[in-house]
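See below for the structure under consideration.
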Amino acid sequence: MRHKFVIWVFLTVGFASALTLSAQDLINNGHVCNNATGIIRFVSSNSNFENNATDNTGGYRYGVKNDGVFEFTNTTTGSYFTGTQALGSDAAHRVPGTVRYAATTSTTPTQKVQGAYYTHLTLRGNSGKNVEDGVFVFGTYLVEGSSGNRTYNGTFHYDGDGSLGVQTIFAENGASAGTNRYNNLDLLDNATKQIAAGDQVILDGALTHSGGMLYILGELDLGTTAQSNAPIGLDDVNAVLKTGSGQATYSGGVTVTNGTVQSDAGAGKVLIPAGATLALGNSANAQVSFADGTILEIAGTFTNAYGAATNLNFACGSTVIYSNNVDGQVIVPTVETNPYGNLIATNANKTAGGDVYLCGELTLNSGNINMGANTLTMLDVSKAANFVGGLEEVIGAMQRKANTTYGTFVTGTPYVFNNAHTRLTFTNGTFDNDDIFGFNVQPGTNPNQYDATKDVNRKVTWNYLNTGTDWVATLEVAYLDSELPVGADESTVRFYEASPSNLEKMSTGQAYDRTGTTATLSYVSLGGIKPTTATVVDGTPDAYFISGNDVLLRTGPAIIYAVQNGRWSNPDTWDEGAEPKPTDLVVIDGYTVHVGFTRPAVDNYTNDETYPTQLASQVTIGSSPNSALVFGPPEDPWTNGPKPTYYAFSSGTNIIINNNTVSACYNTSSADFTTFAGNTSTANGLVVFEGTTVRTTTITNNGLISNGGVIEIGY
């Protein structure tokens, strides 16, 4: 028969020293008053505190006052606290005073710590402790040095409301998972919790945090996930908030006065959601530290009051994502010694708070980055710049800077800059570890020498520094359809180098690649561009571009120059590496250009002219020797004999002849044509052989016309 020790109603028991009860249970139907020096100890293997009392007046909580200790040195397969008004069953029935679990190995190998609501909780005694799910501690939780190893099941809760002062999280920091570490940790109520200086708290599971601030002076190592809806503050040079293997969401924000928000390799994402802030104070010790493979996502706000920015420690394989969906989110500036790793800007337009350096990849998705007066620098020139939707841009200055850590530029690689179609590809050159190439792109902004009737309204300034003079590059520049002048023909867009005082056409002898589209950015590409140490733009077309000038995109007619003897339809004849268009202006000065026939001994070019009914809007034959435009029949008369087929230019070409040095007339019979076509001889002025008709609007002749065919004027 089980013996019971009964404390009857109105009986007050005061203990001056420890009292060991001879019965197995304490059954309270009245009042128990355990004073400050009192200990009620439960020693039997099944002893428990059965409480059936209901009085909540006069300082009693369901018939119990406890300023001392309820101590359990026993174990039970049931509960330590039972009864119709069981202590600890909920917050209203919270066990007053201190509960101490103090079993030793001699009594039990493992002692259960009941899941209940405690005021103060202490573990003592060298038996292992099995901490159940659902332990709530209102005041102090203490594990004494004599306690055996603890195993935490489920969630351990700190729910102090501040009435007992700042609640300190006991430093469970066992060396191996599952032992002497919290599993899940829950911080409740609108009161401050703290991790004391020098203490380390390690979780195997999740952190949940609501109500008051968590003040970290020591170290908190998360296990898996974290959901913090209340503020977190760090203020000690050794303070650490370390991310676990799952996502840590800090909806209440994190303020680092001193200390480190840290994500080691293998850690999950750190998310600062919309409405929350990750704020670093004005101290070199207010730090973030993210290893390779980790992610910091800022959907809210990120600020850094330390201007030197050496408190930002992002490995090159880490990723920072700015993801607020409202325009104007500010990207925290970085410095060259402490750059971002990978940088992603998504959901809306971003603004740079200063210069931005990164040593990983750049990705823009559904929004631009506006650099203002600042510069975005990619330190690893081999890393990609990704523009996911095709229309995103870095507005302002962006550069790639070579260095000894990450390497330098190489030939054959298309280096992407401010948008998907602003690129440099080097076809030749040697490069050093201090070379810099960059562009300042300002959409919708007038470039140098802007003409609203001809030019794309986009200012693209090309800068390079510390580079040699042996490189050759293909330059690709993008624009928006909305930036084109009214009525522009995108097939005529060309590069001009524009300084504040002058401009000249880029002329490399290579053909343009042009793509016009309304879905993404349109672009123009030209190869063969070279650097120069010159300081002025002299207006003469060439392949050299001076750092600091604008790449002007001009539409409409251009002046196309002959650069060698050859057939009109041969791209190699012209400075642009392409046959002139009917709207272009052509200058032939010092070269002989033939039309409509092949000269095997000159260039053996057999393709017919693309626009046989109108070569150009105007052709000027210069005054240099051997400047000539020669027309002949399209067959091969030296093989098949001359044929009286007209080579017609019915839309008309204006011809200006400026050669005043030649007066002797050329013979232009079919036999003379055969001779001319079969050798490498040159000519001067306008030469029309028998069997050819040339139609033009006007001819202004200051030199020589030699005609054996038909010249029709007035078309």
Student exercise, the chain dipole from Lys, Arg, Asp, Glu Cβ charges, in Debye to nearest 20: 2280 debye
Given contacts defined as C-alpha pairs under 8 Å and at least six residues apart, what's the relative contact order of segment 507-587, whole-number percent? 30 percent
What pairs from LYS454/LYS505; LYS530/LYS581; LYS459/LYS505 go past 24 Å between their alpha carbons? LYS530/LYS581
List the lysines whose alpha-carbon lies under 26 Å from that of LYS242, not counting same-chain residues fewer than 8 positions away? LYS193, LYS269
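Counting helices only, and only those DSSP H runs with n ≥ 4, report the 222 nm mean residue ellipticity of the chain as the sum of -39,500 (n - 2.57) divided by its residues, in deg cm²/dmol to the nearest 500. Provide the component values of the computation, followed by the final result.
Values: 2 runs with 13 residues, N = 715.
The helix-only estimate for the chain comes to -500 deg cm²/dmol at 222 nm.
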Hey, can you grab everything whose amide H is under 5 Å from the amide H of ASN386? Only 5+ residues off in sequence or another chain; H modelled, so Pro and N-termini drop out. LEU362, THR363, LEU364
Starting from the 7 Å offset along Cα-to-Cβ, what nm value, one decimal, do you get for the label separation of GLU712 and THR337? 7.9 nm
Whole-Hz couplings from phi, Karplus 6.51/-1.76/1.60, listed for segment 422-436; x for Gly and Pro: 10, 9, 10, 10, 8, 9, 7, x, 10, 10, 10, 7, 10, 5, 10
Those aspartates and glutamates that a straight Cα-Cα span of less than 15 Å connects to LYS129, excepting residues fewer than 8 apart in one chain: GLU71, GLU144, GLU172
The chain - percent relative contact order, Cα under 8 Å, separation 6 or more: 4 percent
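Under a Cβ-Cβ cut-off of 15 Å, what is the net charge of the residues other than THR225 that fall near it, where Lys and Arg count +1 and Asp and Glu count -1?
Details: positive: LYS242, LYS269; negative: ASP186, ASP204, ASP221, GLU297.
Net charge around THR225: -2.
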Between VAL356 and residues 5 or more places away or on another chain, which pairs have amide H atoms under 5 Å apart, with H built 1.01 Å from N, and which residues are they? THR334, THR375, LEU376, THR377
Work out how much length THR532 to ASN238 would gain on full extension: take 0.36 nm times their residue separation and subtract the Cα-Cα distance, in nm to one decimal. 100.5 nm
Of the candidate values [x] -0.43, -0.89, -1.16, -1.39; [y] -0.47, -0.67, -0.76, -0.97; [z] -0.27, -0.54, -0.70, -1.08, the one computed for log10 I(q)/I(0) by the Debye sum over Cα atoms at q = 0.05, 0.07, 0.08, 0.10 Å⁻¹ from this structure is [y]
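Treating the beta-carbon of each Lys and Arg as +1 and of each Asp and Glu as -1, no other charges, what is the dipole magnitude of segment 413-556 about its Cα centre, to the nearest 20 debye? Could the numbers behind the result be given before it?
Values: 9 positive and 17 negative charges, 45 e Å.
Roughly 220 debye for segment 413-556.
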May I ask which residue of GLY281, ASN313, VAL687 lies farthest towards the positive end of the charge dipole of the chain, with charges of +1 (Lys, Arg) and -1 (Asp, Glu) on Cβ and the Cα centre as origin? GLY281
Each residue of segment 99-104 in order: what ³J(HN,Hα) in whole Hz does its phi give by Karplus 6.51 cos²θ - 1.76 cosθ + 1.60, θ = phi - 60°, with x for Gly and Pro? 10, 10, 9, 9, 5, 10
Unpartnered cysteines - no second Cys beta carbon under 4.7 Å - across the chain: CYS33, CYS665
Segment 413-556: relative contact order as a whole-number percent, Cα under 8 Å and 6+ apart: 29 percent
J(HN,Hα) series, segment 450-462, from Karplus relation 6.51 cos²θ - 1.76 cosθ + 1.60, nearest Hz, glycine and proline x: 5, 10, 4, 7, 10, 9, 5, 7, 8, 9, 10, 9, 9
So for the chain, taking the charge dipole from beta-carbon charges (+1 Lys/Arg, -1 Asp/Glu), which of VAL493, THR168, MET378 sits furthest toward the positive end? THR168
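Given R₀ = 22 Å, FRET efficiency for THR540-SER501 by Cβ-Cβ distance, to 0.05?
On the way: r = 15 Å, r/R0 = 0.67.
Rounded to the nearest 0.05, the efficiency is 0.90.
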To the nearest Å, what is the center-to-center distance of segment 238-289 and segment 46-121, using C-alpha atoms only? 39 Å
Using Cα positions and a limit of under 16 Å, work out the lysines in reach of LYS401, with same-chain residues fewer than 8 apart set aside. LYS383
Set Lys and Arg Cβ to +1 and Asp and Glu Cβ to -1, take the dipole of the chain about its Cα centre, and tell me which of ASN229, ASN658, THR54 lies farthest positive. THR54
List the residues, sorted by chain then number, that are 5 or more residues from ALA248 or on another chain and whose placed amide H is less than 5 Å from its amide H. ALA226, LYS269, VAL270, LEU271
At the level of C-alpha centres, the distance separating segment 407-464 and segment 167-222, in angstrom, is 52 Å
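No lab work stands behind these numbers, since they all come straight from the coordinates. Every value quoted in this text rests on a predicted model; they were computed, and no experiment measured them. We place every Cβ from the backbone using ideal geometry, glycine too, and count neighbours over all the protein chains shown.
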